[in-house]
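The values are calculated or read from the model by the stated rules, or taken from the named source; none is laboratory data. These figures come from a predicted structure and were not determined experimentally. Using ideal geometry, Cβ is built from the backbone for each residue, glycine included, and neighbour counts are taken over all protein chains shown.
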Amino acid sequence: MLRRSLPMLSLAVPLAAAVPASAQPSLDPNQAVSATRDLYAKLSARDTGVLRYVPAAGFSEITDGSERHRIDRRAVENLFASPMAIDLRVDDLESESFGGVVVLVTGMRIGSITPPGKMPVEARHALSILWTIDNGRWQMRHVHLSSKAAGR
C-alpha cells in the first residue's frame, strides 16, 4: 500500500509546501469523501451541480495507463447533452489529508457510461481523486482509474 501511495504523496508534499502554514485551510478528509459521493451521484443524475467540483481549467485524468488528459466543464456539459447512459457510484472510500492543502480519496468506482443501444457493462475501477479547496469549494485536481481484475 505504501508503494502505491508514494507517487501521490510526492504530488501532495510540494503542494502543501507551496502554501504558508498560516494560509492553509483546515481540511476535513471526511468532507472530501462526501464530495466524492456527491460527485458521482450528480454525474449519474446529469445534475449540472457537479460542475462546482470542476476547476475552471479542468482536472487531469488517467484511466488504465492511458495518457493523461484534461476534463473541463465543457466536457461534462457535452456528456450530459449526449445520449449516453450514466450509471456510476462509489464504494469503500477512504481519505488522507496532506498538509491541510490536499486530500486524497481512494476507493472503487462502479458502473458504466454506455452508448445508446448498447447493454451496460458494469465496470469496477480502483479510484483515487486528488482534491483541494479553492475559495471554499472542493475542486478535483486529478482522477486516476484502474480496472480491477477479477479475484483481486
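Please verify whether D47 is at pLDDT 90 or above, touching a Ser or Thr at 6+ places or on another chain (Cβ under 6 Å) and not hydrophobic (A, V, I, L, M, F, W, C), treating the condition exactly as stated.
Details: at pLDDT 90 or above: yes; touching a Ser or Thr at 6+ places or on another chain (Cβ under 6 Å): no; not hydrophobic (A, V, I, L, M, F, W, C): yes.
Answer is no for this residue.
If a residue has to be crowded, with 16+ Cβ neighbours inside 10 Å, at negative phi and in contact with a helix residue (DSSP H, G or I) (Cβ under 9 Å, 6 or more places away or on another chain) to count, how many in the range 111-125 make the cut?
Of the residues in the range 111-125, 0 are crowded, with 16+ Cβ neighbours inside 10 Å, at negative phi and in contact with a helix residue (DSSP H, G or I) (Cβ under 9 Å, 6 or more places away or on another chain).
Of all residues in the range 111-120, how many are assigned to a strand (DSSP E or B) and of a type in the set (A, V, I, L, M, F, W, C)? Outline the logic, then answer.
First, the residues of the range 111-120 that are assigned to a strand (DSSP E or B): 111-114.
Those left that are additionally of a type in the set (A, V, I, L, M, F, W, C): 113.
Number satisfying all stated conditions: 1.
Yes/no matrix, rows are residues, columns are (1) within 23 Å of S147 (Cα to Cα); (2) out of contact with any Gly (no Cβ under 7 Å at 6 or more places or on another chain); (3) of a type in the set (F, W, Y):
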{"site": "R70", "(1), (2), (3)": "yes, no, no"}
{"site": "A75", "(1), (2), (3)": "yes, yes, no"}
{"site": "N78", "(1), (2), (3)": "no, yes, no"}
{"site": "S82", "(1), (2), (3)": "no, yes, no"}
{"site": "I86", "(1), (2), (3)": "yes, yes, no"}
{"site": "D92", "(1), (2), (3)": "yes, no, no"}
{"site": "L104", "(1), (2), (3)": "yes, yes, no"}
{"site": "G107", "(1), (2), (3)": "yes, yes, no"}
{"site": "S112", "(1), (2), (3)": "yes, yes, no"}
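Hey, which of the strands (runs of 3 or more DSSP E) in the range 19-110, taking only ones fully inside, have at least 2 residues that are charged (D, E, K, R), surrounded by fewer than 16 Cβ atoms within 10 Å (Cβ to Cβ) and without any contact (Cβ under 8 Å) to a residue 40 or more places away in the chain? Please lay out each step first, then the result.
Numbers: elements: 59-63, 69-71, 85-98.
Where strands (runs of 3 or more DSSP E) fall fully within the range 19-110 and carry at least 2 residues being charged (D, E, K, R), surrounded by fewer than 16 Cβ atoms within 10 Å (Cβ to Cβ) and without any contact (Cβ under 8 Å) to a residue 40 or more places away in the chain, they are 85-98.
Would you tally the residues in the range 121-143 being of a type in the set (D, E) and either touching a Cys at 6+ places or on another chain (Cβ under 8 Å) or in a strand (DSSP E or B) (or both)? Quick ask: steps written out before the conclusion?
Taking the range 121-143 as the starting set, the residues that turn out to be of a type in the set (D, E) are 122, 134.
In the following step, the residues that additionally are either touching a Cys at 6+ places or on another chain (Cβ under 8 Å) or in a strand (DSSP E or B) (or both) were identified as 134.
Qualifying residue count, the range 121-143: 1.
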